[in-house]
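The values are calculated or read from the model by the stated rules, or taken from the named source; none is laboratory data. Computed from a prediction, not measured in an experiment: that's the story for all the values here. Counting neighbours? That spans all protein chains shown, and the Cβs are built from the backbone with ideal geometry, glycine included. Surface areas here come from the heavy atoms of the whole protein model, side chains and all, with no ligands, DNA or RNA. Shrake-Rupley method; radii C 1.70, N 1.55, O 1.52, S 1.80 Å.
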Amino acid sequence: MTTHAHITAWLISLILFFVAINLHKNGKIKGFKIVHMVLRVFYLLIIATGSMLLFILTPLYILKIIVGLWIITLLELILIRTAKNKRTKVLWYQFVFAFLLVLYLGLRLPLGFHPFA
């Protein structure tokens with residue numbers, strides 16, 4: 001149950017993140033700020049549900065935790081720098097790398113879904 005809540009929180013967060021980026025790109029700053037604040041609540045949900053999954057602490061799980069926090073930081077930095085009209089290219093590269101890494105770890109480790117099993 002906690003795994004599902006964690007994955008759902010991540011998926012909703014990613015959707016909200018891209019909605020926020022799109023709102024800012026279209027000049028809807030008020031909507032951007034609202035979605036950004038809701039996204040911050042989902043960051044807390046991700047951290048809360050992720051911490052409930054911590055009963056197995058192996059080096060790979062610790063790496064997944066670190067990469068997950070890195071992704072949350074990148075999401076926030078991209079939104080803030082986008083709002084200030086600053087370059088985000090390097091942050092996007094980091095995001096893609098970190099997202100693929102955490103997705104790989106999430107599918108490889110025992111907790112979670114195993115679509116290739």
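If I filter the stretch 27-50 for residues that are among the hydroxyl-bearing types (Ser, Thr, Tyr), in a helix (DSSP H, G or I) and open to solvent by 60 Å² or more (accessible area, probe 1.4 Å), do I get at least one hit?
no
Within the stretch 1-24, restricting attention to residues that are free of Cβ contacts under 8 Å to residues at least 12 places away in the same chain and assigned to a helix (DSSP H, G or I), which residue is least open to solvent (accessible area, probe 1.4 Å)?
Per the criteria, the residue is Leu14.
I want to confirm something. Restricting to the stretch 44-70 and keeping residues that are β-branched (Val, Ile, Thr) and out of contact with any Leu (no Cβ under 9 Å at 6 or more places or on another chain), which single residue is farthest from Val19 (Cα to Cα)?
Among those residues, the one meeting the criterion is Ile62.
If I ask for residues that are among the hydroxyl-bearing types (Ser, Thr, Tyr) and open to solvent by less than 80 Å² (accessible area, probe 1.4 Å), which ones from the stretch 58-103 would you list?
Within the stretch 58-103, Thr58, Tyr61, Thr73, Thr82, Thr88 meet the criteria.
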